[in-house]
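So the structure is just underneath, and the comments pick up after that.
A short reminder: the numbers here are calculations on the coordinates, not readings from a lab. It should be emphasised that the depicted structure is a prediction, and the values quoted were computed from it without experimental measurement.
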Amino acid sequence: MSLSTEDRRAREPRTPPVETRAAGGAPVATKVPLRHRLRRDRTLLLMTLPAMLLLLVFAYVPLAGNVVAFQDYDPYIADNAFQAIAQSPWVGFEWFQQMVNDRLFWSALRNTLAIFLLQLTLFFPVPILLALFINSFVRPRVRAVAQAVLYLPHFFSWVLVVTVFQQMFGGAGLIAQTLREHGHEGFDLMTDPGLFKFLITFEMIWKDAGWGVIVFLAALAAVSPDLYEASAMDGANRWRRMWHITLPALRPVVALLLVLQVGNALTVGFEQILLQRTAVGPGASEVLDTYVWNVGITNGGFSYAAAVGIVKGVFGLLLVLGANKVAHLMGEQGVYKK
Amino acid sequence: MTPNSPSAPSRRRFLASSVVVAAAVGGGMPLLAACGGGSGGSKNEGTTTGKKLKDLLPAYVPSKAVTPDIPGKNGSAVGFTTALPASELAVSVPKKLGKGSELTIMAPLWGTSPGEGNPYWTAMDEAVGVKVKWQNQDGNVYGQKLGAVLASSSIPDAVVVPGWELGGKIPSAIANKFADLGPYLSGDKVKAYPNLAAIPTGAWQRGVFAEKLRGLPMPAEATPNITPFYRADIFEEKGYEVPTTTQEFYDLCKEINAPKSKVWACSDMTWSAFVFFGVLPEKPYYWKLVDDKLVNRYETDEYLEALEWSRSLYSAGFVHPDAKAETGDMRTTFSSGNALMYNADISDWYAATAIQRLDKPDFRMGAMDFFAHDGGDPVIYEAAPSNIWCFVNKDADKKTVEDILALANYTAAPYGTKEQRLKAYGLEGTHHTLKDGVLTKTEKGNNQVFATYEYVATSAPFRAYPDHPDVVKGVIEWQQRQGAHLRKPLFHGMQIQEPTRFTELNAQFEDLEKDIVRGRKKVSDMQQQVSDWKTKGGDKLRDWYKKLLDETGESAS
């Protein structure tokens, strides 16, 4: 979006930027003063203002609340949160030490990472494959219907999804009951701790894979049909066209989503898991988010929960930075450029 | 899942095996530590007893409004099997006490809020002389909302807190955020509110938090609220006998269980098992004195035996899969005949019957008598005299407090009064009809008349279901039979606040109980947990309670 030097001069003839000359007087990279940039970009800035405000109020200001992780915070000792923070005693890194020795925390972390890896390997490729399938093989007339059918489960609440799965795969569900009626043993997928991680990934695929298709289809729609025609003329068959045109077109989007996904590695779902917690027990189902919820909100251990939250946040940030770096090394844009 | 013995383990065999396991995990049950700890200095901790308590409690002036059809006995409620026509109802609030305040009240609701401006709420507002803005929250996750609301700086004028949500730092919130009602209610002052004066003293005692009378109580029966139900109609038809030992229960399950025809024997029975095995109640009544030493429920053999027995029902496949997954509504599963036994609050008796008889007039359910696991007399611990309270914001002005008390005085009207009729059944013609002494709620009544007003304050316990008199009879008689076996736990009736350093101590037990009965963890894991509990503060907690016991003395037992 940067303007050439000529453009800039043409626009700002009377105020040559001070920084354009270094001590020796030689021209160096120019920098427009903030004031001018503000005026120049005011329309764009105004457009982002509401989003910035939301981010400020709901993301940045609450960050300050993280101080309770270093306190023995009791929200009820004063009339409001600020006074309560002021009056709660400081405990330094005590909660973080406790975390290191807390086997429930480590169990939650293990579950979180295991579910993340399953999602990455089983869930992530599904929307891409579906998009390729829809783009290449489904006839335009069927396409709208196919897409609608695929999107629909995204709009179901998790309560409904879990209920549907219970009705289908539960011990008294349709499949188990049909098996019993035909003289076989019934089964219960919903209460098996060993299968739980696969189960929730499967639920996630059913609910959200179709929705994930949208962004890939958009990327595919941006590919010029000329490329396909030209390559077809040159004798490329369907597979070669997919390999040399379609997949490269998807690459930046895949890289971007992968970086984002890795950044969210420790956020693997909350409501879905909370709803099925009793069915398989916390040993198989507790993840960092549900752990924070149970410790902080249910049991009132706000400080400890905040400490776990901080660790999760810092870890997530490092992962994003790392994944972004990898994306750059692979020649992709990633989430942002330096 | 570990294979389990086909029958419930006998007490002796179980003990033998548990000793081995205890030795293996190195925990066992060492003798109790003696000294140290102490009840601490904060006024938010401990309990209030003696003269101090006496001075706080309101005077008791029983209501003479109506004579019940079935009188109370053994700690049961009283029963009413008939409904008087509106013209013959007594009047317990002759003069409108409310002065028109706008009140915000947060209360749990198990159902869908009827929404503002519905005729039921409007009629209640007019009758009391206040304007209530209800902040109803889903009862199933109420505790989570409660913690957040109390931590905020905008607390409603009145907040309902059920006893089972007193975990974590909630007691500290009650002490810091809610008003002392003593100046309005202690001693003879309560007589300005005759229906509140008719609430039994024990119920008020549980409303004393941090040395002040803060909670308006919802009195409860002395008998347990959790009731083991069975489908009386199906039992009769199939010739099943109601069990009297845990072995008979197990054998009956085997007879009933037929997953192929979508019939399971029972739902999760852990709560009932706790009574079958004589397990101590929950905090703070979870101690007993053995040779002058306090023993916690988690440390008792009964506790482990109850879990082991519940587990045997699961591993034999007698428990409905939805109960195992904890999805769906067990009352519905039971009503539709997919599970023939389940345990729930005793109010389910009426709730299920009223709905089922709309299209199945022969629907009948019964409550089995609690038995000791080996067939002897059961040990049933007396329930706390109140377990739900309504608190008033400490910043509320005098007029607001008085209007909340006016509302409470109205909602605490006894059965057979004009006030109770409006509160429990809404408007005649709109929410209920009364024909030939049979009171029936209309569809609008079922959708709008919810029990949120009940939680502001209620009268001494009664059961009145004039539309199904057999249910009233069943409930009261069951309570009276169970009442014969009642035993008071240590510290009975006291409102005790443990020091905050112990708040997280018990947090793991519920998850572990569920894991064990469902076969995902072993009973020995619980023994490990108990020995962790002891070293992480359980022994200190024991010392703290011992000191409390020594201080409170006679009144504690």
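For the protein assembly as shown, evaluate the Debye formula with one uniform point scatterer on each Cα (no solvent term) and list log10 I(q)/I(0) at q = 0.08, 0.10 Å⁻¹, rounded to two decimals. With one equal scatterer per Cα and no solvent, log10 I(q)/I(0) is -0.88, -1.29. Once Rg and the Kirkwood radius are both taken over the C-alpha atoms of segment A:67-200, their ratio Rg/Rh works out to 1.18. As a length-normalised measure over Cα pairs under 8 Å and 6 or more apart, the relative contact order of segment A:101-207 settles at 30 percent.
Counting only DSSP beta bridges whose two residues both lie in segment B:254-377, roughly 60 percent are antiparallel. If you look at the Cα atoms of segment B:358-420, you get an Rg and a Dmax of 21.1, 58 Å.
The three principal axes of the Cα atoms in segment B:440-518 give end-to-end lengths of 50, 35, 34 Å, sorted in falling order.
Segment B:343-363 and segment B:410-442 have Cα centres separated by 20 Å.
For segment A:243-300, the direction-averaged projected area of the alpha-carbon convex hull comes to 5.7 nm². As a length-normalised measure over Cα pairs under 8 Å and 6 or more apart, the relative contact order of chain B settles at 28 percent. Annotation: amide H of B:F178 within the under-5 Å range of B:K394, sequence separation 5 or more or interchain, hydrogens built in the peptide plane. A compact globular protein would have a Cα radius of gyration near 2.2 N^0.38 Å; the ratio found for segment B:446-490 is 1.54. For segment B:133-251, rounded, prolate or oblate, judged on the Cα gyration tensor with a ≥ b ≥ c (square roots of eigenvalues), a/c < 1.5 rounded, else prolate if a/b > b/c? Prolate, because a/c is 1.5 or more and a/b exceeds b/c. Expressed per residue, the C-alpha convex hull volume of segment B:319-423 stands at 215 Å³. Percent of Cα pairs in segment A:213-270 per distance bin of 5 Å, from zero to the largest separation: 4, 17, 21, 18, 14, 10, 6, 5, 3, 1, 0. Mean residue ellipticity at 222 nm, helices only, chain B: -10000 deg cm²/dmol; runs of at least 4 DSSP H residues each add -39,500 (n - 2.57), and the sum is divided by the number of residues.
Principal semi-axes of the equivalent ellipsoid, √(5λ) from the alpha carbon gyration tensor of chain A, are 43, 38, 17 Å from largest down.
Which pairs break 18 Å Cα to Cα here: B:K324/B:K514; B:K54/B:K546; B:K418/B:K441; B:K99/B:K131; B:K177/B:K398; B:K514/B:K536? Flagged as over cut-off: B:K54/B:K546; B:K514/B:K536. Compactness ratio for segment B:403-549: Cα radius of gyration over 2.2 N^0.38 Å (N = residue count) comes to 1.57.
Structural descriptor for chain A: relative contact order 21 percent, calculated from alpha carbon pairs under 8 angstrom and at least 6 residues apart. For B:A344, the residues whose modelled amide H falls within less than 5 Å of its own, excluding neighbours fewer than 5 places apart on the same chain, are B:T227, B:F229.
The shape of segment B:84-127 comes out oblate: with a ≥ b ≥ c from the C-alpha gyration tensor, a/c is at least 1.5 while a/b does not beat b/c. When only alpha carbons of segment A:129-215 are considered, Rg and Dmax amount to 16.0, 46 Å. Taking amide H as placed 1.01 Å from N in the peptide plane, the amide H of B:Y465 sits under 5 Å from that of B:F80, B:V472, each at least 5 places away or on another chain.
Based on the convex hull around the alpha carbon atoms, segment B:71-187 presents an average projected area of 11.2 nm². Of the beta bridges in chain B, as assigned by DSSP with both residues counted there, near 60 percent are antiparallel. For segment B:177-231, what percent of Cα pairs sit more than 16 Å apart? Summing the P(r) of segment B:177-231 above 16 Å gives 49 percent of all pairs.
Roughly what % antiparallel, to the nearest 5, for the DSSP beta bridges in the protein assembly as shown? Bridges in the protein assembly as shown are about 60 percent antiparallel. Classify chain B as rounded, prolate or oblate from the Cα gyration tensor: take a ≥ b ≥ c as the square roots of its eigenvalues, call it rounded if a/c is under 1.5, otherwise prolate when a/b beats b/c and oblate if not. Judged from the Cα gyration tensor, chain B comes out oblate (a/c at least 1.5, b/c at or above a/b).
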